[in-house]
Amino acid sequence: MPHLHVFSRFLPSSLCAGAALLALSAAVQAQTAMPAMTIQPPQNVFQLSASGQVEVQQDMLTLTLVASREGADAASVQTQLRTALDEALAAAKKTAQAGQMDVRTGNFSVNPRYDRHGKIGGWHGRAELVLQGRDFPRITSAAARVESMTIGDVDFGLSREQRAKTEAEAQTQAIERFKARAADITRAFGFAGYTLREVSVDSQGEGYGPRPYMRAAAAEAVGSLKSAPVAVEPGTSVVQVTVSGSVQAK
């Protein structure tokens, strides 16, 4: 055995390189011959969705007061609007209460008016004061006491508390309907049950019912008659929650 060992030590380098190349080629061929692993697509998976809807009385009123002014120069129009807004703010804040009637300013803009020759012929401005809350009589009474602005828009919606409560009810409905539908579908195909693979929850709301609206121009025309609170009547909103996803039948 020792003499064989000595012989191999003195083999030419070209023979050693050839032997290594043959070994590497054999290893590559063996690896190529191995069958590639394939991932089987999931079997008996069903896609489905279900919705829950809850109709609820609107409990949030947003009433927008507006003031419009025109003049020959922008500075005078801006000053008039600021005076009207300051007076309205002072009057409305007297009865403001957090959650029941919140008071905030809205849009404030001064824009040029152009004549038929494309030149500036004057300036037009508009300022807004927004009264929002759950106490409808408080809001409409406050609006009636503001003399420097008129009603431009009346809108209804849901408070955060009411929306959260309604969404929870609609979500419970949607989940129960999703589970019932999943059980019915898998049973109809002859399976004993199912497991949940993935699910998503989406909520949306849509308003229904009367929504009083008064354009600013019409409001300016009846501004002198705005001594009594305007009558408002909320409608209803439908909150919908949709549950969608996939289940694995078993």
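The values are calculated or read from the model by the stated rules, or taken from the named source; none is laboratory data. Since the structure is predicted, the reported quantities are computational estimates derived from the model, not experimental observations. Quick reminder, even Gly has a Cβ in these numbers, built from the backbone with ideal geometry, and neighbours come from all protein chains shown.
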Q.
Please pick out the residue among 107, 111 that is touching a His at 6+ places or on another chain (Cβ under 7 Å), modelled with pLDDT of 95 or more and more than 17 Å from residue 230 (Cβ to Cβ).
A. 111
Q.
I'd like the full set of residues that are among the acidic types (Asp, Glu), in a helix (DSSP H, G or I) and in contact (Cβ under 8 Å) with a residue 40 or more places away in the chain, limited to segment 62-101.
A. 87
Q | Which listed residue, of 168, 174, is modelled with pLDDT of 95 or more and surrounded by 17 or more Cβ atoms within 10 Å (Cβ to Cβ) | A | 174
